[in-house]
Amino acid sequence: MTGKTEQYLLDQIKKKGTIHFTLVDPDKSSGYDCAKIAAEAEKGGTTAIMVGGSTLASQSDLDEAVQRIKAAVKIPVILFPNGPMGVSKYADAVWFMSLLNSQNPYYIIDAQMLSAPIIKQHRLEAIPMGYIITGEGCVAGYVGYARPINFRHPKLAVGYSLAAETLGMRFVYLEAGSGAPEPIPPQMVGAVAKYVDIPVIVGGGIRNPKAAMAAKMAGASAIVTGTLVEEESEVEQRIREIVDAISN
Ligand code: 1GP
């Protein structure tokens, strides 16, 4: 069943070709700063705010950040959880994600087993997504016990992405890890986009319009940037440059 937020994302992808998500991490920025970043990113044309991070451990920090962001923006706020602790009832939706290339079943299905009842209880919109860690994997790869897929082996990413689609997941996220030294190369994004019909989200190491454009040209339906907004003072302008580069 496609919920309101998911339908909005699909409509925006149809309209714009490639959309942009701004990721804020309450473990790295205060609730106040997350809301400030989100408000500027909205002005810059981002499509939705994602909230979460691999090392998030305080649910009260998350709740506070989500509530502040909700008060500051009109666009959807979607949780990007590292486990049950990453679920907040104040969000519009949650990526119900499985780290497909983890070696630890916790990140493939057990965290989801623990989270699903809370999500149901809060009547949160869940958007099923296959999450695949590539390249260096960074902190997400380490915390998630991933076997990150080397950029030289796009075929492995294609296999996991097709498995996600075949299992009924409605989005696939190719992740290089937050702060990755280089984004996922267009060859890998392109190989996946060529084979799957579900939207492909690409993130990790994208810091400028050129890198965002390369992912779009390769077939990405959505680009995620996180570090960019943590490091920059001119968030609105930097987001606008990326959004302009990837919009039709
Ligand atoms: C991390 O893909 C996201 O989960 C964003 O990565 O922080 O490198 O933009 P960056």
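State the extension gain, in nm to one decimal, for the chain segment bounded by GLU232 and TYR32, taking 0.36 nm per residue of separation less the distance between their alpha-carbons. Intermediate values should be presented prior to the final figure.
Details: separation 200, 0.36 × 200 = 72.00 nm, distance 1.58 nm.
70.4 nm is the gain from fully extending GLU232 to TYR32.
Under 20 Å Cα to Cα from LYS36, which lysines show up? Leave out anything in the same chain fewer than 8 places away.
By straight Cα distance, LYS36 reaches LYS28, LYS70, LYS74.
For a quick check: with amide H placed at 1.01 Å from N, whose amide H comes under 5 Å from MET50's, ignoring anything fewer than 5 positions away on the same chain?
The answer is THR22, LEU23, VAL24, ILE78.
What's the FRET efficiency of ILE13 with LYS74 using the Cβ-Cβ distance as r and R₀ = 22 Å, to the nearest 0.05?
0.75
Which percent, nearest 5, of DSSP beta bridges in the chain are antiparallel? Let's see the in-between values first.
Values: 2 of 35 bridges.
That works out to approximately 5 percent antiparallel.
Suppose each label sits 7 Å from its Cα in the direction of the beta carbon; what would the LYS210-ASP244 distance come out to in nanometres?
1.7 nm
With every protein chain left in place, what is the accessible area per residue of the chain in square angstrom, probe 1.4 Å?
45 Å²
Taking Cα centroids, how far is region 125-169 from region 217-248 in Å?
Each part reduced to its Cα centre gives a spacing of 22 Å.
Quantify how much of the Cα-Cα distance distribution of region 112-248 extends past 21 Å, in percent.
44 percent
With a cap of 16 neighbouring Cβ atoms within 10 Å, and only residues DSSP puts in a loop, list the trypsin sites (Lys or Arg not before Pro) found in region 74-131.
LYS74, LYS89, ARG123
Hydropathy first: keep DSSP H helices in the chain averaging at least -1.0 on Kyte-Doolittle, then drop any whose Cα extent along the axis falls short of 15 Å, and list what survives.
Working: long enough: 4-16 (18 Å, -1.50); 31-43 (18 Å, -0.45); 59-72 (20 Å, -0.63); 111-122 (17 Å, 0.15); 154-166 (18 Å, 0.38); 235-246 (17 Å, 0.06).
Correct list, ordered by number: 31-43, 59-72, 111-122, 154-166, 235-246.
For region 172-211 and region 1-59, what is the centre-to-centre distance using only Cα atoms, to the nearest Å?
17 Å
What list of ³J(HN,Hα) values in whole Hz, one per residue of region 75-90 in order, does the Karplus curve 6.51 cos²θ - 1.76 cosθ + 1.60 (θ = phi - 60°) give from phi, with Gly and Pro shown as x?
5, x, 10, 10, 6, 10, x, 9, x, x, 5, x, 9, 10, 5, 7
With the chain treated as a Gaussian network of Cα nodes joined by springs under 10 Å, which of MET188, MET50, MET217 yields the largest mean-square fluctuation?
Taking springs between Cα atoms under 10 Å, the residue moving most is MET217.
Taking all protein chains as present, what is the carbon and sulfur share of the accessible area of the chain, in % to the nearest whole number, probe 1.4 Å?
54 percent
So what are the chain's ellipsoid semi-axes, whole angstrom, largest first, if each one is the square root of 5 times an eigenvalue of the alpha-carbon gyration tensor?
One finds semi-axes of 23, 22, 17 Å for the chain.
What is the gain in length, in nm to one decimal, between LEU114 and ASN150 on full extension, counting 0.36 nm per residue of separation less the C-alpha to C-alpha distance? If you can, show how the numbers build up before the last one.
Details: separation 36, 0.36 × 36 = 12.96 nm, distance 3.06 nm.
Contour length minus Cα-Cα distance gives 9.9 nm.
Compute the FRET efficiency between GLU182 and TYR142 as 1/(1 + (r/R0)^6), taking r as their Cβ-Cβ distance and R0 = 22 Å, and round to the nearest 0.05.
That gives a FRET efficiency of 0.80.
The values are calculated or read from the model by the stated rules, or taken from the named source; none is laboratory data. The structure presented is a predicted model; accordingly, all values stated were derived computationally and were not measured. Backbone-built Cβ (ideal geometry, glycine too); neighbour counts: all protein chains shown. Keep in mind that these areas ignore ligands, DNA and RNA; they rest on the heavy atoms of the full protein, side chains included. Shrake-Rupley method; radii C 1.70, N 1.55, O 1.52, S 1.80 Å.
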